[in-house]
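Only the coordinates and a few stated rules stand behind these numbers; no lab work does. Not measured: the values here are computed from a predicted model. Reconstructed Cβ throughout: ideal geometry from the backbone, glycine too, with neighbour counts over all protein chains shown.
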Amino acid sequence: MLRFPEYVTAESVTSGHPDKVCDQISDAILDACLAQDPMSRVAVETFGSHGLLVIGGEITTHATIDAEAIARRVYRAIGYADDLDVRVHIVQQSPDIAMGVDTGGAGDQGIMYGYATHATPEYMPKAITLAHRLTRGLEALRRSGRHPWLQPDGKAQVTLQGDRVMTVLISTQHTADAELSHMRDALVRELIAPTIGEMSRVEVLVNPTGRFVLGGFAADTGLTGRKLMVDTYGGLISHGGGAFSGKDPTKVDRSAAYMARCAARAMVARGLAQSCLVSVAYAIGRAEPLMVTAVDEAGNDHSALVRREFDFRPLAIIERLGLRQPIYERTAAYGHFGRPEFPWERDASPATAAEVSLDNTAYMRYF
């Protein structure tokens, strides 16, 4: 049975948060590889700290890319103007891993979860939905130019009691000359009230320390995969621990989490559950998952139905959701779920075993 506590809190961060900068760089490198070679195998992580940016990982591809140039392009597009010392250390994927993936097996072991609820039109928990709206709105305000004191780094946090918003917290990087009272008034008027609605009993916190001038890599380190709850369901649902960004879809950390969300969303959208949690587990190199379960808000078991309608073999997931496309940089800020532009957010028609080929010839073109 899916039950949440009376009070729930969820967080989101802007695209300029140092961890999210790293996620976007890693996924931009993945997209660049897939754009030239859809069969690319990519596992890239990025680390940024005080003027230094390190890009490392494993790539096997026919694509020709310039990881440093991609990183600088992403960094500038987010809104940062300072220079970075960029170091790149990327090697070819381990043949020990490739040996299992070549035959259609999972790229790693692990557990993945997908969730959906009827609580919002996005089929997402209300707290994380509101948190993402606030950070997206914060970035939109900055890019509009109406408030030149807004800078790229920022966070939002929302606390609910049941369905009622109790507290909204906004932390935003700003120029040194900005006054806290002015910032608070502007953000309440132009961001928080339009997003939240009724404000009479909502506690609002803006930059609780009183000052947030240094941001991004000038103030903090960033690392790919360090905002897992922002990426998923706001901490309300279990997470297997595997990050998404920088990984091609043979890595089930990413693709199976997308398929689990697709299955859970379909159960709710079709009226078969008010909320649904789908869990899946893999062994490295093995195509068939070790476990696929689905449970609704009342504790009813829908596992057999989900296993029948959704094929969780890695290559079947890739084919059904079209995951060889360069779509991933867009996922790397403001959550991977609840956004209709992504294929796992559509009620994909069930694929039968006959519709999914197990002929791996194409997948073994050069691996």
Using θ = phi - 60° and Karplus 6.51 cos²θ - 1.76 cosθ + 1.60, couplings along region 248-258 (whole Hz; Gly, Pro as x): 6, x, 5, 7, 5, 3, 8, 5, 6, 5, 5
Fewest to most neighbouring Cβ within 10 Å: what's the order for Ser255, Ser144? Ser144, Ser255
Take every DSSP beta bridge with both residues inside region 18-99 and express the antiparallel ones as a percent of the total, to the nearest 5. 55 percent
Rounded to whole Hz, the Karplus (6.51, -1.76, 1.60) HN-Hα couplings of region 129-137, x for glycine and proline: 4, 5, 4, 5, 4, 5, 6, 4, x
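Under the 0.36 nm per residue contour assumption, what length would be gained going from the current alpha-carbon distance of Leu305 and Trp149 to full extension? Kindly include the intermediate steps, with their values, before the conclusion.
Numbers: separation 156, 0.36 × 156 = 56.16 nm, distance 5.27 nm.
Extra length from Leu305 to Trp149 when fully extended: 50.9 nm.
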Find how many whole Å separate the alpha carbon centroid of region 288-340 from the alpha carbon centroid of region 177-220. 36 Å
Can you compute the FRET efficiency between His50 and Ala77 using 1/(1 + (r/R0)^6), with r the Cβ-Cβ distance and R0 = 22 Å? Round to the nearest 0.05. 0.55
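Looking at region 146-250, send over the antiparallel percent of its DSSP beta bridges, to the nearest 5. All intermediate terms of the calculation are to be shown ahead of the outcome.
Details: 9 of 13 bridges.
If we restrict to bridges inside region 146-250, about 70 percent are antiparallel.
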Who wins for biggest fluctuation among Ala264, Ala119, Ala32 in a Gaussian network model of the chain, springs between alpha carbons below 10 Å? Ala119
Sort His17, His89, His174 so that the residue with the fewest other Cβ atoms within 10 Å of its own Cβ comes first and the one with the most comes last. His89, His174, His17
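May I ask you to derive the relative contact order of the chain, considering only C-alpha pairs under 8 Å and at least 6 residues apart, and to give it as an integer percent? It would help to have the intermediate numbers written out before the result.
Numbers: 803 pairs, mean separation 100.6, N = 367.
Reported relative contact order: 27 percent.
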15 Å cut-off, amide nitrogen to a point 7 angstrom out along Thr175 Cα→Cβ, residues in region 64-91: 81
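Using only helices, what value at 222 nm comes out for the chain when you add -39,500 (n - 2.57) per DSSP H run of length 4 or more and divide by the total residues, to the nearest 500 deg cm²/dmol? Walk me through the numbers before you get to the answer.
Numbers: 10 runs with 106 residues, N = 367.
One gets -8500 deg cm²/dmol as the mean residue ellipticity at 222 nm.
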Given labels modelled 7 Å from the Cα in the Cβ direction, how far is it in nm from Thr221 to His182? 3.6 nm
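For Arg324 and Ala283, calculate 0.36 nm times their separation in residues minus their Cα-Cα distance, and state this gained length in nm to one decimal.
On the way: separation 41, 0.36 × 41 = 14.76 nm, distance 2.21 nm.
Answer, rounded to one decimal: 12.5 nm.
Taking R0 as 25 Å, what's the FRET efficiency between Ala298 and Met229 from their Cβ-Cβ distance, rounded to 0.05?
Values: r = 25 Å, r/R0 = 1.02.
Computed FRET efficiency for Ala298 and Met229 comes out at 0.50.
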Who wins for biggest fluctuation among Gly105, Gly79, Gly145 in a Gaussian network model of the chain, springs between alpha carbons below 10 Å? Gly145
With no solvent and one equal point scatterer per Cα, compute the Debye intensity ratio I(q)/I(0) for region 143-295 at 0.11 Å⁻¹ and report its log10, rounded to two decimals. -0.65
How would Trp149, Trp344 line up from fewest to most surrounding beta-carbon atoms within 10 angstrom? Trp149, Trp344
Environment charge at Tyr334 (Cβ cut-off 10 Å; Lys +1, Arg +1, Asp -1, Glu -1): +3
